[in-house]
Amino acid sequence: MEQVRTRIKNLRGEVHKQVASYLARHYDTIYLPTFETSQMLAKKKRKLTSKSARAMMTWAFYEFGQTLQHLCNRYGSRLVRVTDSNAEVSYVVDLFDKEKGYATPKIDVRAAVFRDDKLLLVKEKEDGCWTLPGGWADIGDSPSEAVVREVYEESGYQTKAVKLLAVYDRSDPRHRHPPFQYYVYKLFFQCELIGGTATESFETEGAEFFGEHEIPQLSLTRVVPIQITRVFEHYRHPNYPTDFD
């Protein structure tokens with residue numbers, strides 16, 4: 001049961017991040033309902049169905065607001081908190097219930113950023129291990145835009161995507177990723193460092209450059225040793241073609 005709770009929490013956090021990132025990057029002002037959850041979920045007063053009430057608790061609107069505020073501060077957007085009605089909240093919650101259609105792979109983008117022959121890694125708060133900066137591609141972003149955004153959000157560095165190094169099937173056993181609930185394609189980009197300084201984010205607590213033989217413990221759900229080795233090989237041999245499964 002604890003593993004199920006952890007999985008739900010991780011999935012919820014990823015949804016929060018993607019939605020908040022899209023809003024903060026595309027809108028100057030964002031109006032966020034306050035969602036007085038404790039009052040709205042009280043059985044004697046609420047107008048919500050039991051299903052909507054459970055969904056509200058699962059989606060953790062307060063945590064979403066914190067994530068959105070963090071990204072608004074980073075991108076210079078303005079977050080305005082306003083009151084809202086139960087009926088409108090129910091409508092928003094129901095939208096999350098309507099994802100249907102043909103099953104397709106999720107897209108994970110990762111960046112290989114080098115400085116003085118060393119590779120940029122970020123330390124994940126979730127497991128305390130290190131990974132290439134990256135994450136899920138957002139709707140509305142091209143792959144190169146997604147990876148540049150992820151580098152900036154997770155490390156504070158500004159970059160430019162210059163080459164697609166690899167397209168990997170995460171489920172291919174040669175990569176040795178641990179099992180995952182989604183089918184994922186992983187896109188690795190080489191990115192040129194153009195500015196910025198190392199900063200922490202709500203997901204990461206460090207950003208450092210490491211030599212090939214200095215790599216710390218990796219977050220294996222995100223990147224594995226064979227992939228780190230391969231991006232160093234691409235760095236030494238810039239004429240290598242793109243890898244793909």
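Bear in mind that the values in this text are calculations on the coordinates, not laboratory data. In this text, all values refer to a predicted model and were calculated from it rather than measured experimentally. As a convention, Cβ positions derive from the backbone with ideal geometry for all residues, glycine included, and neighbour counts pool all protein chains shown.
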Between residue 7 and residue 220, what length comes free when the chain is fully extended (0.36 nm per residue of separation minus the Cα-Cα distance, one decimal in nm)? 75.1 nm
In the structure shown, of 118/163; 118/160; 9/118; 17/123; 123/186; 9/123, the pairs separated by more than 22 angstrom at the C-alpha atoms are 9/118
Which of 237, 119, 139 sits closest to the plus end of the dipole of segment 106-244, meaning its Cα is farthest towards the positive end, when Lys and Arg get +1 and Asp and Glu get -1 on the C-beta? 237
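For residue 114 and residue 192, compute 0.36 nm times the residue count separating them, minus their Cα-Cα distance, and round to one decimal in nm. Walk me through the intermediate numbers first.
Values: separation 78, 0.36 × 78 = 28.08 nm, distance 0.74 nm.
In short, 27.3 nm is gained.
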Quick one: net charge around residue 232, please, counting Lys, Arg +1 and Asp, Glu -1 for every other residue with C-beta under 11 Å from its C-beta. 0
If you restrict to DSSP beta bridges whose two residues both lie in segment 106-244, what percentage is antiparallel, to the nearest 5? 70 percent
Please grab the % of Cα pairs in segment 106-244 that end up more than 18 Å from each other. 50 percent
Taking 0.36 nm per residue of separation between residue 15 and residue 106 and subtracting their Cα-Cα distance, the length gained on full extension comes to 31.5 nm
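Highest mean first, how do 133-140, 177-184 rank when packing is the count of other Cβ atoms within 10 Å averaged over residues? Show your work: numbers first, answer last.
On the way: 133-140: 19.2, 177-184: 11.6.
Ranked from most to least packed, the peptides come out as 133-140, 177-184.
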Residue-wise, which Karplus ³J(HN,Hα) couplings in Hz belong to segment 175-187, taking 6.51 cos²θ - 1.76 cosθ + 1.60, θ = phi - 60°, and x for glycine or proline? 7, 6, 6, x, x, 9, 6, 10, 8, 10, 9, 10, 10
